[in-house]
Amino acid sequence: MAKKSSKIQKILNATIKSMFLESKANRSKNKGWIEVVCGSMFSGKTEELLRRIRRAQFANQKIEIFKPAVDTRYDEEAVVSHDETSVMSTPVNNSAEILLYVNMESVEVVAIDEVQFFDEGIVAVCNKLANSGIRVIVAGLDMDYLGNPFGAMPQLMAVAEYVTKTHAICVQCGDLAQYSYRTVLNDKQVLLGEKESYQPLCRHCYLEKQKEQQTT
C-alpha cells in the first residue's frame, strides 16, 4: 500500500510540475522548450499567453514579446486580449526579425502572439530559440475560417513540448466551440476582425452554417 501511495504521489508531483511551466529554463544545461496555446476566436488564447507572461515577470525573468505588425486591431504595439488586458510588445514584419531583437545570452522567455500570421520560417525561429535554452510561448488560431489548419500552426504543435487547446462557447447552442465562423462575405484567409466578423461555433453548428451558406 505504501509503494502504491508513493507511486501516486510521484504522478501527482509530475502533473503539478507540468502545470507550472514558469520555472527558469536551465541555460547552463541548454534546456529550452516550446509551448503552443491554440484555439478558435474568443477562446482565451491571448489571455492565457498574458497569464504566462505575468507569471514569468513575477519571477523576474527576462522576457521579449512579439506580435505580427499586420495585427493592429487593438493597438499597433501592445498585445491586447478581448478583455482589454495588455502588455507592450515589439511588432515585426516577418519571423526573421524576431532573431534580430532577441539577445540569446540574456533572454529567458520569448512570447509571440497571433503566430498563425507569420511565415513558415517561424518554426525554425522557435526551434532556434528553444535550442538556445529559451522558453518559447506562442499563441494563435489553429484553424482558419474554413476549418483548415492555419499557417505554420500544425508544424509548431508538432515540435512543441507543450500544447494547450483553448475553447470558446458556441453562440448557437452553448457547447464548447473550436471553429471561427466568418459572418461577412470575404474569401481571404486573413481577415482581421472581431465580433462583427466572426462567431465561435461548435462542430455541429459550424457544419449547419456551412450547409446554409451552400443553399443560399
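The values are calculated or read from the model by the stated rules, or taken from the named source; none is laboratory data. Since the model is a prediction, treat every value here as computed from it, not as a measurement. Note: ideal-geometry Cβ built from the backbone for every residue, glycine included; neighbour counts use all protein chains shown.
Take segment 40-51 and flag every residue that is surrounded by fewer than 24 Cβ atoms within 10 Å (Cβ to Cβ) and within 16 Å of LEU156 (Cβ to Cβ).
Matches in segment 40-51: GLU48 only.
Take segment 118-136 and flag every residue that is over 16 Å from PRO91 (Cα atoms) and touching a strand residue (DSSP E or B) at 6+ places or on another chain (Cβ under 9 Å).
Hits for segment 118-136 are CYS126, ASN127, LEU129, ALA130, ILE134, ARG135, VAL136.
In segment 159-175, is there at least one residue being surrounded by fewer than 15 Cβ atoms within 10 Å (Cβ to Cβ) and modelled with pLDDT under 95?
Scanning segment 159-175 turns up no residue that is surrounded by fewer than 15 Cβ atoms within 10 Å (Cβ to Cβ) and modelled with pLDDT under 95.
Taking the conditions exactly as written (out of contact with any Ser or Thr (no Cβ under 6 Å at 6 or more places or on another chain), at pLDDT below 95 and not polar (S, T, N, Q)), does LYS195 satisfy them or not? Can you show your working first?
Working: out of contact with any Ser or Thr (no Cβ under 6 Å at 6 or more places or on another chain): yes; at pLDDT below 95: yes; not polar (S, T, N, Q): yes.
Considered against the rule, which asks whether it is out of contact with any Ser or Thr (no Cβ under 6 Å at 6 or more places or on another chain), at pLDDT below 95 and not polar (S, T, N, Q), LYS195 comes out as yes.
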